[in-house]
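Here's the structure, in structure tokens; my notes come after.
No value in this document is a laboratory result; all are computed from the given coordinates. What you see is a predicted model; the values in this text were computed from it and never measured. Methodologically, a virtual Cβ is constructed for each residue, glycine included, from the backbone with ideal geometry; neighbour enumeration extends over all protein chains shown.
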Amino acid sequence: MAPISPTPLRVLDGSAVTTLEDLDGPVVIRGLQDEWPARELWTVEHFRDQYGGLRVPVREYPAGSEYEYTIADGGLAEFLEYWEKIPMDGSLARDRRYLAEWNFVRDCPELLDDFSVPAIFSEDWIDRLPEQVRFGRMWIFFGEPGCSTGLHCDTFSTSAWLAVLDGSKELRLVTPETGRALRADDSLWSERTHDEVLRKSTDPLYEVTLRAGDTLYIPGDWYHEVRNPERNLMLTANFVEERKLLSFLAQFETRLTEPLSILRQARNARIRTWAGGAGRHDELARPEFRARQLDWVRGMTSELREYERALLDWDATDTGATEAPSGAR
């Protein structure tokens with residue numbers, strides 16, 4: 001059976017893109033890095049001289065493995081020495097190393113002065129969360145041939161932009177609908193995956209090779225897989241755009257409430273024990289304690305009712321908008 005022929009991603013000029021609402025899928029945007037000092041400044045020598053003493057997370061891929069790895073804590077200078085001198089070999093015959101997911105904002109925030117977040121990606125709803133629950137979402141990657149990041153979609157329905165500053169990266173992407181049909185061990189480069197899953201989809205398999213100066217936009221919930229055909233340097237960030245906000249909040253709230261739910265179960269069990277006991281527990285006997293608990297319950301109930309009303313209002317508005325006037329075509 002003939003292999004599936006991937007569809008190339010669209011390439012746009014940065015000056016022609018003003019809002020994410022104009023984009024209905026992943027695209028490559030050129031020109032967004034033109035004014036970045038990082039394009040010239042971020043060399044091996046610069047990182048080694050300025051930040052060589054830092055400890056960074058390094059993926060270690062054993063020989064024969066393209067996707068499986070362990071993470072070790074290593075010195076940046078030591079990794080760069082390896083990365084700069086290792087022979088260019090895309091085979092899996094030897095062990096390989098990949099500096100991925102380095103949270104440089106925490107370690108050396110002054111690097112933020114070397115680039116600017118493109119305006120089209122600058123509105124990030126995570127910035128509106130309480131400070132205590134915000135999380136790091138910007139990383140620098142030093143890629144090596146033969147190291148891949150397997151099939152995935154980014155957590156919490158976050159979107160992403162990937163800016164390649166040196167070398168190249170290869171990606172394949174599929175829509176959320178196609179991605180949900182894929183299995184844990186599938187690969188977008190696998191003939192088995194093509195034959196058993198992708199051929200059944202009406203959506204294309206997209207492919208792109210990013211080169212220095214290219215910036216890729218990946219909308220939330222799109223599944224993708226990444227390969228490194230050569231050494232490369234990439235800056236990437238996740239963000240939440242407004243059209244994915246509800247999906248993000250639903251998933252993020254679940255992550256936040258998982259540990260809280262255990263505490264709530266323990267608290268509720270204790271209150272039931274106190275309330276059903278022969279005597280009155282001191283804490284339950286205090287009116288201010290009971291009032292505070294009741295206020296919390298009423299507040300939660302009120303928020304749920306407000307959400308319900310909003311959904312009903314949306315349904316009513318949507319129904320009215322989709323009904324065409326009599327005689328209209």
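Taking a straight Cα-Cα cut-off under 22 Å and skipping sequence neighbours fewer than 8 places away in the same chain, the lysines within cross-link reach of Lys169 are Lys85. Most tightly packed first, judged by the mean number of other beta-carbon atoms within 10 Å of their residues, the peptides 185-192, 27-34 read 27-34, 185-192.
Summarising the amide proton neighbourhood of Tyr223: residues at separation of 5 or more, or on other chains, whose placed amide H is nearer than 5 Å comprise Val174, Gly179. Relative to the longest principal axis of the Cα atoms of the chain, helix 287-322 runs at roughly 60 degrees. Shown in residue order for the range 196-208 are the 3J(HN,Hα) couplings computed by the Karplus curve 6.51 cos²θ - 1.76 cosθ + 1.60 at θ = phi - 60°: 8, 10, 5, 5, 7, 8, 8, 8, x, 9, 9, 9, 8 Hz (x for Gly and Pro).
Mean separation of Cα pairs under 8 Å and 6 or more residues apart, divided by the residue count, gives the chain a relative contact order of 20 percent. For the chain, the longest principal axis of the alpha carbon atoms and the long axis of helix 245-276 meet at an angle near 40°.
With a Förster radius of 35 Å, plug the Cβ-Cβ distance of Ile86 and Leu41 into 1/(1 + (r/R0)^6) and report the FRET value to the nearest 0.05.
About 0.90, to the nearest 0.05.
Other residues whose C-beta falls under 14 angstrom from the C-beta of Gln33 contribute a net charge of -4, scoring Lys and Arg +1 and Asp and Glu -1.
The listed peptides 120-133, 203-216, ordered by packing as a protection proxy, come out as 203-216, 120-133 (highest mean of other Cβ atoms within 10 Å first). Every helix of 4 or more DSSP H residues in the chain counts as -39500 (n - 2.57), and over all residues that averages to -10000 deg cm²/dmol at 222 nm.
Grab the beta carbon distance between Arg309 and Leu249, set R0 = 25 Å, and tell me the FRET efficiency rounded to 0.05. Plugging the Cβ-Cβ distance into 1/(1 + (r/R0)^6) gives 0.90.
Near the amide H of Asp166, within less than 5 Å, lie the amide hydrogens of Leu233, all on another chain or at least 5 residues away, with H placed in the peptide plane.
Across the range 220-234, computed HN-Hα scalar couplings (Karplus, 6.51 cos²θ - 1.76 cosθ + 1.60, θ = phi - 60°) run x, 6, 7, 8, 8, 9, 10, 10, 10, x, 7, 4, 8, 10, 9 Hz from first to last residue, x flagging Gly and Pro.
In terms of Cα atoms, the Rg and Dmax of the chain work out to 25.0, 78 Å.
Taking the longest Cα principal axis of the chain as reference, the axis of helix 76-85 is set at about 40 degrees. The listed peptides 18-25, 135-142, 168-175, ordered by packing as a protection proxy, come out as 168-175, 135-142, 18-25 (highest mean of other Cβ atoms within 10 Å first).
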